[in-house]
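Read the structure below first, then the notes.
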Amino acid sequence: MKIAALAAALVAFAVVTMRGEAAVATGMVRIPAGAFRPLYGATVSRRIAAFDMDAAAVSNGDYLDFVRAHPEWRRSRAKRLFVDEAYLREWTGDLEPGVHAPLDAPVVSVSWFAARAYLKANARQLPTVDQWEYAAGLRNLHSVIGLRGPLSEWTLDFNSGLVNGESRGDGSLDRTLYCGAGATAAADTRDYAAFLRFAFRNSLDPRYSVSTLGFRGVRAVAEARR
């Protein structure tokens, strides 16, 4: 019960803090190309090509338009192969977000499959972990809101950050990724928030619909295609 209450409080806080920001953050923002060193898995920096990113997370209003046009993703009709029982739990009905899901607040309790379906219908895709972390780490990127906010967000390769085998008994696992050794193997041992994000991502299943998890889209640009 305490965990559920804490999650509800976190969602309420996110709604209050992000609704005003989302009102002035519209469209997509060009993220410039640059160098990025992932928290795990690389000893040197990688080049990130320029891309466009949604200025704000997808809102309940945005998602309502989607389920109106794509009834197969409405709460009562979505296949359990792609969503769990918590899908859109804050909504009061298939086409009624309700008081707990304001239209201008980020939509949450949406699975990875559902997020990808929404973005495909809108000519975008989920950002990779590298793209998301790179954008979140850029200084003076005030036109993209919520990346460092109280809500987490889906990424395309959400479960690729820490685990490279099926279980701890798998000989292909990198043992430095666990417990204290995981911290020493990181690019920045002081980035506690990044540790939490990577751990949370690796706890997810693509069907999960979590009340503290939203999403936003990215799109390739001409510079990135060259």
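A few remarks follow.
- Long-range HN-HN contacts of Phe51 with modeled amide H, under 5 Å: Ile31
- Amide hydrogen proximity for Ser59: with H placed 1.01 Å from N in the peptide plane, the residues at 5 or more positions away or on another chain lying under 5 Å are Val107.
- Segment 61-130: GluC sites (Glu not before Pro) falling in loop per DSSP and having at most 13 other Cβ within 10 Å: Glu85
Throughout, read-outs are computed from the coordinates displayed, never taken from laboratory work. Note that the structure is predicted; figures quoted are calculated from it, not measured. All Cβ positions, glycine included, derive from the backbone under ideal geometry; neighbour counts span all protein chains shown.
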